[in-house]
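These notes are about the structure you will find just below.
The values are calculated or read from the model by the stated rules, or taken from the named source; none is laboratory data. Predicted model only: the values in this text are computed from it and were never measured. Cβ atoms come from the backbone with ideal geometry, glycine included; neighbour counts cover every protein chain shown. Remember, those area values only see protein heavy atoms, side chains included, never the ligands or the DNA or RNA. Shrake-Rupley method; radii C 1.70, N 1.55, O 1.52, S 1.80 Å.
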Amino acid sequence: MQLHNTLSGTKEDFVPLDPNRVTMYVCGPTVYSYAHIGNARPAVVFDVLARVLRRRYPGVVYVRNITDIDDKINAAAAKEGVDIRVITDRYAAIYFEDMAALGVMPPDHAPRVTEHLPETIAMIERLVASGHAYEAKGHVLFHTLSYGDYGKLSGRDEQALMAGARVEVAPYKKHAGDFVLWKPSTDEQPGWDSPWGRGRPGWHIECSAMAEALLGETIDIHGGGHDLIFPHHENEIAQSTCAHGGKVFARYWLHNGFLNVDSQKMSKSIGNVLLVHELLKRVPGEVIRLVLLTGHYRQPIDWTEEVVSEARKKLDRLYGALRELADVKPAPGVTATDGFIAALEDDLNTPMALAELFELARAANKASAADDKARIKAQMLDAGELLGLLQQAPSAWFAQAPGSDGAPSAEEIEALLAQRVDARRNKQWAESDRIRDELKARGVLVEDSKDGQRWRYA
């Protein structure tokens, strides 16, 4: 199995420290509002990676955190006049529901920052004691010049780092690039007691503390979006390495590419931010998942209505092949093809894996021998399980309304088709055609098969 390591810039053989306990940490959401479609991409990508790892290794521990201390959370809570926990509980629950709708399985651990403050404070204390951090004006800051490899992950020199960091210029900093580990809270702001006074942790230290608490000082894989490489992941490496006496923090760094909308970066000012919670009202979660897997995870993808429509058609083809095999029992013990597995184990090459899956669907449509049908169905279902696709019955898939206001309900369709059966029984062919054409005009396709009428939303 090979993975592209951002730290080395190359694709490397994946060899875990302990094959019986493979560890992976992925940066999760800051829960102050709904997640947008860009937030969903790492959740889906690393969900697939976790599935692939679990197929190969007996023990995988996957951690995806919840950030529930943040100034945006504070602002949202102040606006509503409620405790921050009201905001974070609400949006964390919605996040999990939305990700489940995309077929994302829960991680083994979903720690919250507020649940790991003692570990966070203890890590900061170690950094101060070892000279890598210092207290100034109620703040504790990490001294970046104390870590010689700072900037290695992002591959930038110090000047470029400072230009891209949007660093806070503060007179109490020893160096402009030093970043906050702990900051003071006003009486109106949430805060916790610490050796440096009442305050709250900085953003970067939380992930280091939670990774150490749940996975250990050195982990196998650390993942997240490309936008986190600098400064978040760069800072995580610095503080974790220094807190652990120079030990490697994460051995493989994986980052997914950006998601654009109609070739433009998502932006509130443009008004093109797509919230998963709203998308799910008109686009099935499985369609969204397929869109996010159609491109290679490291490359940018462009979300367009055409891409969404094409993803639905692709799922129609896959579920259509399985529908033809409805009466076929999958062959026991048969798993996805070697080509499919090889694609996923080649740096999670989902486009190649999907090509293998569609080749199976074509083979299913051509198969005539019972053994071939049983084998292909088993291979398709197993491949679908690894990708998080094809997890429902074909009949349920085709009965999903497309979300448009004019689409008839499944009950209305079945009633019209019952009328069509009567018309055909009485050889009223014009009436039969009229009902079929009426349904087609309303976005429902009717097919006459050897097993009777079948329908699906167009």
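Extension gain Arg362-Arg126, at 0.36 nm per residue separation less the Cα-Cα distance, in nm? Please list the in-between numbers first.
On the way: separation 236, 0.36 × 236 = 84.96 nm, distance 5.94 nm.
Gain on stretching Arg362 to Arg126: 79.0 nm.
If I take R0 = 22 Å and measure r between the Cβ atoms of Leu17 and Arg298 in this structure, what FRET efficiency does the formula 1/(1 + (r/R0)^6) give, to the nearest 0.05? Before the final figure, lay out the partial values.
On the way: r = 24 Å, r/R0 = 1.07.
So the FRET efficiency works out to roughly 0.40.
Hey, what D do you get for segment 278-434 in µm²/s if you plug the Kirkwood alpha-carbon radius into Stokes-Einstein at 20 °C and 1.002 mPa s? All intermediate terms of the calculation are to be shown ahead of the outcome.
Values: Rh = 17.6 Å.
D = 122 µm²/s.
Compute the accessible area per residue over the chain, keeping the other protein chains in place, probe 1.4 Å, unit Å². Mind showing how you got there, number by number?
Working: 20600 Å² over 458 residues.
On a per-residue basis, 45 Å².
Please compute the alpha carbon radius of gyration of segment 369-458, then divide it by the globular-protein estimate 2.2 N^0.38 Å. Two decimals is fine. Provide the component values of the computation, followed by the final result.
Numbers: Rg = 16.4 Å, N = 90, 2.2 N^0.38 = 12.2 Å.
For segment 369-458, the normalised Cα radius of gyration is 1.35.
With every protein chain left in place and a probe of 1.4 Å, what is the accessible surface of His132, to the nearest 10 Å²?
40
Under the Kirkwood approximation for Rh and a Cα-based Rg, what ratio Rg/Rh is obtained for the chain?
Details: Rg = 26.0 Å, Rh = 24.7 Å.
Here Rg/Rh amounts to 1.05.
Roughly what % of DSSP beta bridges within segment 1-159 run antiparallel, to the nearest 5?
Numbers: 8 of 16 bridges.
Bridges in segment 1-159 are about 50 percent antiparallel.
Taking θ = phi - 60°, what integer Hz values does the Karplus form 6.51 cos²θ - 1.76 cosθ + 1.60 yield along segment 293-299, in sequence order, with x for Gly and Pro?
Rounded to whole hertz, the list is 9, 5, x, 5, 4, 7, 9.
Tabulate in residue order the Karplus-calculated ³J(HN,Hα) for segment 320-325, using 6.51 cos²θ - 1.76 cosθ + 1.60 with θ = phi - 60°, rounded to whole Hz; enter x for Gly and Pro.
x, 5, 5, 5, 5, 9
If I take R0 = 60 Å and measure r between the Cβ atoms of Ala326 and Ser185 in this structure, what FRET efficiency does the formula 1/(1 + (r/R0)^6) give, to the nearest 0.05? Display every interim value, and only then the final one.
Values: r = 60 Å, r/R0 = 1.00.
Once rounded, the FRET efficiency stands at 0.50.
Separation of segment 90-109 and segment 264-304 by C-alpha centroid, Å?
Taking the Cα centre of segment 264-304 as reference, the centre of segment 90-109 is 16 Å away.
Restricting to DSSP loop positions (anything but H, G, I, E, B) with no more than 14 other Cβ atoms inside 10 Å of their own Cβ, which trypsin sites (Lys or Arg not before Pro) remain in segment 278-386?
Details: sites: Lys281, Arg282, Arg289, Arg298, Arg312, Lys313, Lys314, Arg317, Arg323, Arg362, Lys366, Lys373, Arg375, Lys377; in loops: Lys281, Arg282, Arg298.
In loop regions of segment 278-386 (DSSP not H, G, I, E or B), the sparsely surrounded trypsin sites (Lys or Arg not before Pro) are Lys281, Arg282.
Pull up all non-local amide H partners of Trp182: gap of 5 or more, or a different chain, and H-to-H distance under 5 Å with H placed in the peptide plane.
When sequence neighbours closer than 5 places are left aside, the close amide H contacts are Val140, Gly202.
How far apart, in nm, are two points set 7 Å out from the Cα along the Cα-to-Cβ line at Arg56 and at Ser409?
4.9
May I have the pair-distance distribution P(r) for segment 114-239, computed from all Cα-Cα distances with 5 Å bins from 0 and rounded to whole percent?
All Cα pairs considered, the percentages come to 2, 10, 21, 23, 22, 14, 7, 1, 0.
Out of the total accessible area of segment 180-226 (probe 1.4 Å, heavy atoms of protein only), what percent is carbon and sulfur?
On the way: 780 of 1620 Å².
That fraction is 48 percent.
Leaving ligands, DNA and RNA out of it, rank Ser130, Ser263 by accessible area with a 1.4 Å probe, largest first. Could you put the intermediate results ahead of the total?
Details: Ser130 60, Ser263 90 Å².
If we order Ser130, Ser263 from most to least accessible, we get Ser263, Ser130.
Of all the stretches in the chain, which is the longest one without any exposed loop site, taking GluC sites (Glu not before Pro) in a DSSP loop (any state but H, G, I, E, B) with at most 12 other Cβ atoms within 10 Å?
My reading of the result: 189-458 is the longest stretch.
Suppose R0 equals 56 Å; then what is the FRET efficiency for Arg90 and Ala370 from their Cβ-Cβ distance, rounded to the nearest 0.05?
Details: r = 52 Å, r/R0 = 0.93.
Computed FRET efficiency for Arg90 and Ala370: 0.60.
What is the set of long-range amide H partners of Ala133 at a cut-off below 5 Å, with H atoms built 1.01 Å from backbone N?
Val128, His143
Taking only DSSP H segments of four or more residues, each worth -39500 (n - 2.57), what value at 222 nm results for the chain once the sum is divided by all its residues, to the nearest 500 deg cm²/dmol?
Numbers: 16 runs with 202 residues, N = 458.
After summing the helix terms and dividing by residue count, I get -14000 deg cm²/dmol.
In whole percent, and with a 1.4 Å probe on the protein chains, what portion of the accessible area of segment 1-122 is carbon and sulfur? Write down the numbers at each step before the final one.
Working: 2550 of 4840 Å².
In segment 1-122, the share of accessible area belonging to carbon and sulfur is 53 percent.
³J(HN,Hα) across segment 16-25 via Karplus (A = 6.51, B = -1.76, C = 1.60, θ = phi - 60°), whole Hz, x for Gly/Pro?
Couplings: x, 4, 10, x, 8, 8, 8, 10, 9, 10 Hz.
What accessible surface, in Å², does a 1.4 Å probe find on Ser194, ignoring ligands, DNA and RNA and rounding to the nearest 10?
Spelled out: Ser194, probe radius 1.4 Å, area about 30 Å².
Can you list the residues, at least 5 places off or on another chain, whose amide H is less than 5 Å from the amide H of Val22, using H built in the peptide plane?
HN-HN under 5 Å from Val22: Gly59, Val60, Val61.
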